[in-house]
């Protein structure tokens with residue numbers, strides 16, 4: 001090999017220099033790959049625009065106050081209690097409970113969900129949510145305790161997918177899969193629940209899944225949008 005390169009005009013010193021350069025690039029690439037694998041950078045939090053922030057605040061206030069009618073965008077509050085929520089002595093104003101006029105619909109966009117994570121929490125740097133047709137996907141960065149064998153002190157990259165839909169007059173909830181460091185977790189390690197309709201499997205018994213199913217009127221997830229309607 002060296003003789004062939006030398007015949008093309010390279011001296012032995014040049015060949016040695018090329019070999020060293022290749023080794024340096026290989027080592028640097030290995031270090032970079034290991035750093036990206038075991039020490040991934042935090043996710044960049046979603047920062048909502050002023051208009052998106054106001055729209056989200058109106059939705060949240062609608063959830064919190066039954067019968068509340070959303071204000072126009074120009075008059076929307078900025079996540080602060082209104083003056084009429086307080087008494088003159090500073091106490092929260094009592095209010096009789098009522099469901100009259102209350103909305104039972106939850107409409108959130110993918111940006112709004114990720115924007116909520118970024119509010120007063122560092123979750124936005126560790127969790128990112130994606131919405132696509134009938135699928136909720138999550139990316140997570142999970143720090144490992146330093147005393148844990150092998151991966152101690154490192155950060156695990158985890159991805160998970162959950163099918164969420166409404167068909168045949170009932171919700172559909174399926175674990176599409178979970179992967180750790182890019183390696184899919186075997187179905188047996190997920191308790192055999194991968195791609196199993198949890199509502200169909202466990203909804204016939206009294207418990208969480210039956211209660212969940214009985215309380216949902218419809219679920220629709222499209223690209224970047226989540227819509228859930230609850231029953232009375």
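Assorted remarks:
- 222, 139, 91 arranged by Cβ crowding within 10 Å, fewest neighbours leading: 91, 222, 139
- Cα-based shape type of segment 107-232, given that a ≥ b ≥ c are square roots of the gyration tensor eigenvalues and the cut on a/c is 1.5: oblate
- Residues 121, 155, sorted so that the one with the fewest Cβ neighbours within 10 Å comes first: 121, 155
- Ranked for footprinting exposure by Cβ neighbours inside 10 Å, fewest first, 89, 145, 214, 130 give 89, 145, 214, 130.
Values quoted throughout were computed directly from the atomic coordinates according to the rules given, and no laboratory measurement underlies them. Quick caveat: nothing in here was measured; it's all calculated off a predicted structure. Neighbour counts run over all protein chains shown; Cβ positions are idealised from the backbone, glycine included.
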